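This report concerns only the one structure given below.
The values are calculated or read from the model by the stated rules, or taken from the named source; none is laboratory data. No experiment lies behind these values; they were computed from the predicted model shown. Here the Cβ is made from the backbone with ideal geometry for all residues, glycine too, and neighbour counts use every protein chain on show. The accessibility values were calculated without ligands, DNA or RNA, using every heavy atom of the protein model including side chains. Shrake-Rupley method; radii C 1.70, N 1.55, O 1.52, S 1.80 Å.
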Amino acid sequence: MKKSALPDPFEKARLEKGFGEVEDQEDPVIMVLRHKDVRKCAHNWKTFQSGAAPGRIVVPSEVNIRDTRQIPFELDPPLHREYRDLMEDWFRRPLQAPYQAQLSAQISAAIEEVLTKDSVEVVGDFSLPLQSRALTLLLNIPFEEAEKWIAWGTHVFRSEESALDGDKANILYDYIDQEIDKAIEHPGEDLYSVLLASEAQGRKLTKEEVKGTMILTFAGGRDTVINAVTNSIAYFAEHPESLNRLRSEPEIIARAVEELIRYFAPLTHMGRVATEDAQVCEHAVKADSRISLCWASANRDAAVFENPNEVVLDRKINPHLGFGFSHHKCLGATHARQILKTLLHVLIEKVESIDIQDSVENIENWGEFNRKVGFDQLQVKFNALK
Amino acid sequence: MAKITFITKDQETIVAEADSGSVMELAVAHNVKGIDADCGGVCSCATCHVHVAADYMDKLEAAGEIEKDMLEFADNASDFSRLSCQMKITEAMDGMVLNVAN
Ligand code: HEM
Ligand code: FES
């Protein structure tokens, strides 16, 4: 099997029963696996809520390591809409020409740099800096700030020893507290200042709310983007014909990005808490217990996708759930899509081929399922287009 | 050639013409507010949702299963809802009025 292939570990359970079970800190999770059920449950916030105790809808649960509610992620309608509305326009800025030009300059420079090297570790030395620098555009803060985030490493919430590392998370929390204080003292044109000046529920946002929003912006867009960029490099390394196809048909790049997100599903699943006794695929879900919406499984559901385990670059109908579904669908998707589109444009313009030299897989363990989500390390050589 | 009228949520009227492509593409080319087309037309975002004037419903090719499934959960969905990225422009659409759903 190719190194860039991501097998679907959910198929059997999805077909046979439609759900899976995961133990997690004595708060087990029923994983919902079928496309139709995932969408239904994502839509049904009255029964499956996000606004439970902070950290509880995340798997593994973060209830023991944080109290700050992430916004708008851990809110339900109608309050969710009020906060999300404050952010929608800001998160659409990646559609503006100056933003795109800057992103393109950043990514071109990153590719130029790796083209001079004999060997590059993609996760830490390409994807992480690319993600961090791009985030300065989304937050509208100076480019140099990215150096700090790059220095934190890839596992700002996680360490090699334990999946939940409170100390590492504190680095981020303390940093965000500091930045909020700075923005209070010297308001600017950045996202912190914009949030601090915003109102919801008839009053200004509190510091705690701004913190919860900023934590999510950092956390939600870090591993996911790093994963999508790294997996894209691995995929094109092993599929030079796909790179050549994009070179001759650049008009399919937008579709290719959707297809890569479907296939990679960088975020495997996300939880919800049942507000009442309910059922998923005839399986009882008790009030106050957890389910998760498994985007990765839904994206391989053969009831919806033909050849679900193949990357079909120009897939025309692609109702994937890689960015989630319904009111909580990814707020950073415009930014993430723009990063990937730009990356593909720069790759076809400058890169002839990519050779994989070495790799270490990143395998997640969810109860009965072991899912390869991407790489902990990916060593490659980029070859310049002549 | 088909002439299509878009009416946005804030009652702006935009008239546009084309003889090929999708209705979503036409709307995007004319900056129709409320047609964001986040997914670029692959039926995964529902940000291209329109309501078709009743007298044109039967002039359109029926929505496919996947489009119907998307619309089932879309905000402001009605019997006249369509995803404009799935509507291929045809002569029969000449004169059609579309209300942008969001
Ligand atoms: C390829 C990259 C990304 C993927 C695959 C991804 C995936 C997701 C998914 C599946 C959800 C839904 C969660 C749920 O329903 O509970 C989500 C929500 C969210 N994402 Fe992303 N994400 C990505 C990039 C980003 C970026 C770059 C940012 C911001 C910097 C971001 C910020 C958010 C926020 C704020 C939410 C919560 C929205 C809400 O609750 O209304 N994401 N993301
Ligand atoms: S443009 Fe995304 S569904 Fe039509």
> When we measure straight from the Cα of B:Lys59, which lysines land under 16 angstrom away, once same-chain ones fewer than 8 places off are left out?
Replying inline: B:Lys3, B:Lys88
>> Suppose each label sits 7 Å from its Cα in the direction of the beta carbon; what would the A:Arg81-A:Asp177 distance come out to in nanometres?
In response: 3.6 nm
> Computed over the Cα atoms, what is the radius of gyration of chain B divided by 2.2 N^0.38 Å, N being its residue count?
Replying inline: 0.94
> Which GluC sites (Glu not before Pro) from segment A:253-342 combine a DSSP loop assignment with at most 16 other Cβ atoms within 10 Å?
Replying inline: A:Glu276, A:Glu282, A:Glu306, A:Glu310
>> Taking 45 Å as R0, compute the FRET efficiency from the Cβ-Cβ separation of A:Lys148 and A:Gln357 and round it to 0.05.
In response: 0.95
> When only DSSP loop residues count, what trypsin sites (Lys or Arg not before Pro) in segment A:6-92 have their Cβ near at most 11 other Cβ atoms within 10 Å?
Replying inline: A:Lys46
> How large is the dipole of the protein assembly as shown about the Cα centre if only Lys and Arg carry +1 and Asp and Glu carry -1, each at its Cβ, rounded to the nearest 20 debye?
Replying inline: 460 debye
> What number comes out for the charge environment of A:Ile356, summing +1 per Lys or Arg and -1 per Asp or Glu over other residues with Cβ under 9 Å away?
Replying inline: -1
> What's the buried accessible area, both sides, between B and A using a 1.4 Å probe, rounded to 100 Å²?
Replying inline: 1400 Å²
> If amide H atoms are built 1.01 Å from N in the plane of the peptide, which residues on other chains or at least 5 residues away come under 5 Å of the amide H of A:Val285?
Replying inline: A:Ala278, A:Gln279, A:Val280
> So what is the accessible area of the protein assembly as shown per residue, in Å², with the probe set to 1.4 Å?
Replying inline: 43 Å²
> Direction-averaged shadow area of the convex hull around the Cα atoms of segment A:131-289, nm²?
Replying inline: 14.7 nm²
> Between A:Glu16 and A:His239, what FRET efficiency follows from the Cβ-Cβ distance if R0 is 30 Å, with the result rounded to 0.05?
Replying inline: 0.40
> Toward the positive end of the charge dipole of segment B:2-100, about the Cα centre and with charges on Cβ (Lys, Arg +1; Asp, Glu -1), which of B:Asn99, B:Ala16, B:Met57 goes farthest?
Replying inline: B:Ala16
> How many nm is it between the label spots at A:Gln377 and B:Lys9, if each spot is 7 Å from the Cα in line with the beta carbon?
Replying inline: 5.0 nm
>> Counting only protein heavy atoms, probe 1.4 Å: which residues of segment A:298-320 lose 10 Å² or more of accessible surface in the full assembly compared with their chain by itself?
In response: A:Val304, A:Lys316, A:Ile317, A:Asn318, A:Pro319, A:His320
>> Below 8 Å, C-alpha to C-alpha, sequence gap of six or more: please give me the relative contact order for chain A in percent.
In response: 27 percent
> How much accessible surface area, in Å² rounded to 10, belongs to the heavy atoms of A:Asp67 with a 1.4 Å probe?
Replying inline: 130 Å²
>> Take the residue pairs A:Lys211/B:Lys33; A:Lys17/A:Lys329; A:Lys12/B:Lys68; A:Lys286/A:Lys316; A:Lys182/A:Lys350; A:Lys12/A:Lys316 and return only those whose Cα atoms are more than 29 Å apart.
In response: A:Lys211/B:Lys33; A:Lys286/A:Lys316; A:Lys182/A:Lys350
> What are the residues of segment B:27-60 that lose 40 Å² or more of accessible area, with a 1.4 Å probe, going from their chain alone to all protein chains?
Replying inline: B:Asp38, B:Val42, B:Ser44
>> Once each part is reduced to its C-alpha centroid, what is the distance from segment A:318-386 to segment A:74-112 in angstrom?
In response: 18 Å
>> Can you give me the % of accessible surface on segment B:2-100 that is carbon or sulfur? Probe 1.4 Å, all protein chains present, nothing else counted.
In response: 46 percent
>> Given the DSSP H assignment, sum -39500 (n - 2.57) over each helix run of at least 4 residues in the protein assembly as shown and divide by its residue total; what's the result at 222 nm in deg cm²/dmol, nearest 500?
In response: -11000 deg cm²/dmol
> Where does the charge balance sit around B:Ala63 when Lys and Arg score +1, Asp and Glu -1, over other residues with C-beta under 14 Å from its C-beta?
Replying inline: -3
> At q = 0.08, 0.13 Å⁻¹, what is the log10 ratio I(q)/I(0) for the protein assembly as shown, with the Debye formula run over Cα points and no solvent?
Replying inline: -0.49, -1.39
> For A:Phe10, A:Phe143, what's the largest-to-smallest order of accessible area, 1.4 Å probe?
Replying inline: A:Phe143, A:Phe10
> So what does A:Trp45 come to for accessible area, using a 1.4 Å probe and Å² rounded to 10?
Replying inline: 80 Å²
> Say each of A:Cys281 and B:Ser78 gets a label point 7 Å from the Cα, pointing the same way as Cα to Cβ; how far apart are those two points in nm?
Replying inline: 3.8 nm
> A:Val312 to A:Glu349: extension gain in nm, 0.36 nm per residue of separation minus the Cα-Cα distance?
Replying inline: 11.2 nm
